[in-house]
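Asks: Handing you this structure, nothing more for now.
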Amino acid sequence: MGTQNGNGNHQLNGSQPRLPLEREDILKTRQPLEYASMLPPRAFTDQGVFEWELDNLFRGWICVGHISEVAEQGKYLMREIGSDSVVVIGGEDGQPRAFLNVCRHRGARIVEESQGQVKKRLRCPYHAWSYGLDGKLVAAPHMDGIEDFDFSCFGLIPVHLAVVSGLVLIDLSGEADEPVGYVGDLASHLDKYRTSDLVSGGRIDYMVDANWKGIAENYNECLHCPGVHPELNALSNYMSGDEIQGPGSWCGGSMYLTAEDAETMAKDGGHTANRPMIDGLVKEDERTILYFVLFPNALVSMHPDYVMLHTLYPRGPGKTEVICEFFFEQRAVESADFDPSDAIEFWDQTNRQDWYVCELTQKGIGARNYTSGRYSAEESTVHEFDGMVAEQYMSALGGSPTREAV
């Protein structure tokens, strides 16, 4: 599917703890599909691997949401990545900015909700220090008599932010490569579906007892669909679709609506409840669904009438918070009869089916004598995603950035 021309993630220096995996095991994953073995079980169960991934894979570019969530003045989203909490907020000048969600006085979290809106200030609930939407400290009670206290030195700590084709990206390292190269050709697909112009129409949050990589692997294949997702498979045969390739840190492909009267992925046979198609799509797009993983944590699904975004936030080796959001044409959302429940309920059911098998896998992969499985010929995108992970592992283990033979 997509090629992995570097994920733009910051690699920490040699003083950091060693990645607790064996180079020989990672080399097996980096083989061509027909020879490769999956990532070693410890990659999904080991606390040291989990901590290494937070310090490396989740310190460069990650997706935290959609531009519509911060498009208005004071509108914000908050996400937690490991011990870090980040707030992204719409500024008075119309531009979003990202900051660590921590007061510069005593370190209290300022924002507690995952999304919301303020007027012109972010106010710490502890001692009422207040910050402008640009992060500048504007009020610090009882600091008047303190010598050498400079307001300009105690603004919120900025976080590197970029918005590419509607996706809000942050870089906690501050050292990631340019986001345009990171997103690569995926941007052309996002732009075709006017992702930047869509608006939110619903959201469901989940806590899944499975490793984040297992969730992404499951998303990357549909061999499980006939048994696990009979409703989805009735709309789109699990063997339909094509792989899609291009530069950037992503992988993905397409599926097709094979049910004769289906118009989208939704309940009741895939009818759209009078929702309009996304503007600019053509006849051939009417029966196409696109699925992409933007490494490491964004799953983007593009349908004729909506775009669905999952973002993954590791909470432990065997626990992941998943935020699932739906975006539609603004004129559809503003319509008096707008009802997205057919799409949201369909994917809520499908998501829960996925979480069930991901949790089964998480339970099984920790068995003492389990060893890495082999990829089937239909799991090329799973192999591609694992290859992006393995590339980062090999960099930490001192391996060549190119594929090596075993």
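Taken together, the values in this text are just the output of simple stated rules run on the coordinates, not laboratory data. Computed from a predicted model, the values in this text were never measured in an experiment. Virtual Cβ from ideal backbone geometry, glycine too; neighbours counted across all protein chains shown.
Asks: Dipole of the chain (Lys/Arg Cβ +1, Asp/Glu Cβ -1, origin at the Cα centre): which of Val70, Ala262, Met394 lies farthest to the positive side?
Replies: Met394
Asks: Okay, moving on. Compute the length gained on full extension between Arg23 and Tyr126: take 0.36 nm times their separation in residues and subtract their Cα-Cα distance, giving the result in nm to one decimal.
Replies: 32.3 nm
Asks: Please arrange Val389, Val180, Val64 by counting, for each residue, the other beta carbons lying within 10 Å of its beta carbon, fewest first.
Replies: Result, fewest neighbours first: Val180, Val389, Val64.
Asks: Can you tell me the length gained on complete extension of the stretch Thr258 to Asp279, counting 0.36 nm per residue apart and subtracting the Cα distance?
Replies: Roughly 5.3 nm would be gained on extension.
Asks: Something else about it: Any chance you could run the full-extension gain for Tyr35 through Asp84? It's 0.36 nm times the residue separation minus the Cα-Cα distance, nm to one decimal.
Replies: Gain in length upon complete extension: 13.7 nm.
Asks: Just tell me which lysines come within less than 28 Å, Cα to Cα, of Lys136; anything on the same chain fewer than 8 places away is out.
Replies: The reachable lysines, counting only those whose Cα sits under 28 Å from Lys136, are Lys75, Lys119, Lys120.
Asks: Then there is this: Calculate the dipole size of the chain relative to its Cα centre from +1 charges on Lys and Arg beta carbons and -1 charges on Asp and Glu beta carbons; express the result in debye to the nearest 20.
Replies: With only Lys, Arg, Asp and Glu charged at Cβ, the dipole is about 1140 debye.
Asks: Pop out the ³J(HN,Hα) list for segment 326-337 in order, Karplus 6.51 cos²θ - 1.76 cosθ + 1.60 with θ = phi - 60°, rounded to Hz; leave Gly and Pro as x.
Replies: Values per residue, Gly and Pro as x: 10, 10, 10, 4, 4, 5, 6, 5, 7, 5, 4, 9 Hz.
Asks: Which ³J(HN,Hα) values, rounded to whole Hz and listed in residue order, are derived for segment 197-213 from phi using the Karplus coefficients 6.51, -1.76 and 1.60 in 6.51 cos²θ - 1.76 cosθ + 1.60 with θ = phi - 60°, glycine and proline given as x?
Replies: 9, 6, 10, 5, x, x, 7, 9, 9, 9, 10, 10, 7, 7, 5, 4, 5
Asks: Could you name the lysines in cross-link range of Lys319, using Cα to Cα under 19 Å and dropping any fewer than eight places away on the same chain?
Replies: Lys213, Lys363
Asks: Segment 135-169 to segment 246-284: how many Å between their Cα centroids?
Replies: Taking the Cα centre of segment 246-284 as reference, the centre of segment 135-169 is 43 Å away.
Asks: Using the Cα gyration tensor of the chain, with a ≥ b ≥ c the square roots of its eigenvalues, what is the shape: rounded (a/c below 1.5), prolate (a/b larger than b/c) or oblate (neither)?
Replies: oblate
Asks: Suppose a student asked you for the relative contact order of segment 62-171, using Cα pairs under 8 Å spaced at least 6 residues apart; what percent would you report?
Replies: Value for segment 62-171: 28 percent.
Asks: Now for a separate question. For segment 228-291, what is the convex hull volume of its Cα atoms per residue in Å³?
Replies: It is 115 Å³ per residue.
Asks: Another question, then. Percent of Cα-Cα pairs more than 21 Å apart in segment 267-406, please.
Replies: 59
Asks: Could you put Cys324, Cys63 in order, starting from the residue whose Cβ has the fewest other Cβ atoms within 10 Å?
Replies: Cys324, Cys63
Asks: How far apart, in nanometres, would the label points at Glu243 and Asp191 be if each is projected 7 angstrom from Cα along the Cα-to-Cβ direction?
Replies: 2.6
Asks: State to the nearest 20 debye the size of the charge dipole of segment 62-171 about its Cα centre, where the only charges are +1 on K and R beta carbons and -1 on D and E beta carbons.
Replies: Rounded to the nearest 20 debye, it is 240 debye.
Asks: Going by C-beta contacts inside 10 Å, put Leu190, Leu360 in order with the fewest on the left.
Replies: Least crowded to most crowded, the residues run Leu360, Leu190.
Asks: Under 8 Å for C-alpha pairs, at least 6 residues apart: give me the relative contact order for the chain, rounded to a whole percent.
Replies: 23
Asks: Label-point separation (nm) for Val357 and Ala234, each offset 7 Å from Cα along Cα-to-Cβ?
Replies: 1.8
Asks: Also, quick follow-up: Hey, could you grab the Kirkwood Rh for segment 62-171? Inverse mean 1/r over distinct alpha carbon pairs, Å, one decimal.
Replies: By the Kirkwood definition, the hydrodynamic radius is 14.1 Å.
Asks: Taking +1 at the Cβ of each Lys and Arg and -1 at the Cβ of each Asp and Glu, which of Trp61, Phe292, Trp355 sits farthest along the dipole of the chain towards its positive end, judged by Cα position relative to the Cα centre?
Replies: Value: Trp61.
Asks: Run the lone-cysteine check on the chain: no other Cys C-beta under 4.7 Å from the residue's C-beta.
Replies: Lone cysteines by the Cβ rule: Cys63, Cys153, Cys251, Cys324, Cys358.
Asks: What is the dipole size for segment 293-406, taken about its Cα centre, with +1 at each Lys and Arg Cβ and -1 at each Asp and Glu Cβ, in debye to the nearest 20?
Replies: 860
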